[in-house]
Structure formats: C-alpha cells, structure tokens
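The values are calculated or read from the model by the stated rules, or taken from the named source; none is laboratory data. Small disclaimer: the values here were computed from a predicted structure and weren't measured. Positions of Cβ are backbone-derived with ideal geometry, glycine not excepted, and every protein chain shown enters the neighbour counts.
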Amino acid sequence: WQVGYLGEKYDEWVHQPVDRPIRLFHSDLLESLSKTAWYVVFMVWAPVVLYLSWVSYTSLAWGDTRLFSSFTTEYSIPVHKYYFPFIFLLGMFLWSLLEYLIHRFVFHMKPPASNYYLITLHFLLHGQHHKSPFDSSRLVFPPVPASLVMGFFYGILRLLLPQVLGLSVFVGGLCGYVIYDMMHYSLHYGSPEERDPLSPLSAGFGISTRFWDYPFRTLIPEETFEKED
C-alpha cells in the first residue's frame, strides 16, 4: 500500500473525500470480503442474536450456573434465568463503552507520521471510510472479518466468566453492535440534519448513544448545531 508513505500528509489527505469507490486489495477475494451491503449485517447477525439469546436463557434455566464458582463453592452466587435480560443489557452497555473507545482512540487517532504500518492500518480500519465516505459497500463491518473480531472478544468473556454468563453478555454486546452499524449507515444515508460524516471528528465519539460523551467531556457543543442551522 502506498498510503503508508504519505507521512505527515496523511491526515490532511484522508480528510479530502472523493466520490468514488476505493480498491483496498489486489486479491479479488480479499476485496470482496472487505465489502458488504448494510442489510447483510442485519440478515446475518439478527438471527444469531435471537438464537444465542434462546441458548443463553434455556441454559440458565437449568439452574446450575453460579458466579465465582471457580474460586469458592460456599460463597458462589446462583444466576437464574430471570437475570438474563439484565445480563443482556449489561452486554449492550459494555458494547457502548467499547464502541466509544474504539471510535475515539483507534478510528480517530492520528497515526505517527513516521510509522508506515500504523498509517496503513488506520487507513484500512477507518481512514478509507473518510476518504470515500459514500461508498455504501464499506459503511458497515463485513461479516467475515467481523466474525474474527467477535470471536476474539467472546474468548475474553469466556476466560473471565462462566460459559453461559459469557455468552449472555456477548449476545447483548452483539445486539449493541448491530444497532451501532445500522445507525452508522443512517448517519451517511439518513437524514441530512444528522451529524456531517465528512467533517474530522474531535468530539461526539458515541454513535449509538451519547452516554459516554458526557463523562469523558467529548459531547459536541450545541453551538455547532446552531451554526449549521
């Protein structure tokens, strides 16, 4: 990739949008895996969310899931099936934090001008999205690479929590991700009154919710919207 050699010019260049698709890979297979229509995200992951929710609930219904059982049996806490909605919501809540952190510190970082690899990685992950913001095939996360990332986070939850609890948190997070991707697409092809997707982002890193912009003080000032009006 030549983009990594732009150095100090990268940040300015990547925020000068073009109205045409960008090819990222020489391989036709990799190129096809880096694109997807917005509705594919819903068609693929909504059934997964429903199925894993059913698996989680029915598994909790067996009544043998206990929290902290790896450390103590005497003081372990039973987790009943009625807790599933709250665990699911916890997963969505954790996703909203992860969404904020990734959007702020990964997608909108300014890679060091001297680091070819970080510039290239940033462009592949998100920079190309700013360079070609209206390429509808790259506004949502394609299912194949998304599966790899989701597998990584599920593995972390599996290490930290009992299997059923980890799955319950994971499926809530997965639901949060689907909502995020649909809202992200809407920002580009939805109402023109919504946030301008072409402007460099220095605030307002929450997409599906503004919740985390409040404690981290990155809320977009109301004056910005008043000026646009």
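Observations
- Some residue of the range 130-152 being touching a Gly at 6+ places or on another chain (Cβ under 9 Å), surrounded by 18 or more Cβ atoms within 10 Å (Cβ to Cβ) and closer than 20 Å to Leu90 by Cβ: yes
- Checked against the criterion of being within 30 Å of Leu161 (Cα to Cα) and of a type in the set (D, E, K, R), the candidates Asp64, Asp28 yield just one match: Asp64.
- Here Asp19 qualifies as in a loop (DSSP other than H, G, I, E, B) and of a type in the set (D, E, K, R).
- Hey, Leu97 in contact with a helix residue (DSSP H, G or I) (Cβ under 9 Å, 6 or more places away or on another chain) and farther than 17 Å from Phe170 by Cα or not: no
- Top-ranked residue in the range 1-39 [being over 19 Å from Tyr185 (Cα atoms) and among the β-branched types (Val, Ile, Thr); ranked as farthest from the chain's Cα centre (by Cα)]: Val3
- The one condition in (1) at pLDDT below 90; (2) within 22 Å of Arg158 (Cβ to Cβ); (3) out of contact with any Ser or Thr (no Cβ under 9 Å at 6 or more places or on another chain) that Leu50 fails to fulfil: (1)
- Pairs linking a residue in the range 109-122 that is closer than 11 Å to Tyr10 by Cα and touching a residue at least 24 places away in the same chain (Cβ under 8 Å) to a residue that is in a loop (DSSP other than H, G, I, E, B) and aromatic (Phe, Trp, Tyr), with Cβ atoms under 8 Å and 6 or more positions apart or on different chains, are Thr120/Trp1.
- Scoring Ile22 on the criteria (1) surrounded by fewer than 16 Cβ atoms within 10 Å (Cβ to Cβ); (2) without any contact (Cβ under 8 Å) to a residue 24 or more places away in the chain leaves a single failure, condition (2).
- Search result, residues across the range 196-211 that are modelled with pLDDT of 90 or more and either among the polar types (S, T, N, Q) or part of a helix (DSSP H, G or I) (or both): Ser208, Thr209, Phe211
- Within this structure, Val164 fails the test of being surrounded by 15 or more Cβ atoms within 10 Å (Cβ to Cβ) and either under 20 Å from the mean Cα position of the chain (by Cα) or at pLDDT 95 or above (or both).
- Being touching an Asp or Glu at 6+ places or on another chain (Cβ under 6 Å) and modelled with pLDDT of 90 or more is a property that Ala113 has.
Per-residue answers, yes or no, for (1) touching a residue at least 40 places away in the same chain (Cβ under 8 Å); (2) surrounded by 14 or more Cβ atoms within 10 Å (Cβ to Cβ); (3) assigned to a helix (DSSP H, G or I); (4) of a type outside the set (Asp, Glu):
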residue	(1), (2), (3), (4)
His26	no, no, no, yes
Trp45	yes, yes, yes, yes
Val49	yes, yes, yes, yes
Pro85	no, no, yes, yes
Phe88	yes, yes, yes, yes
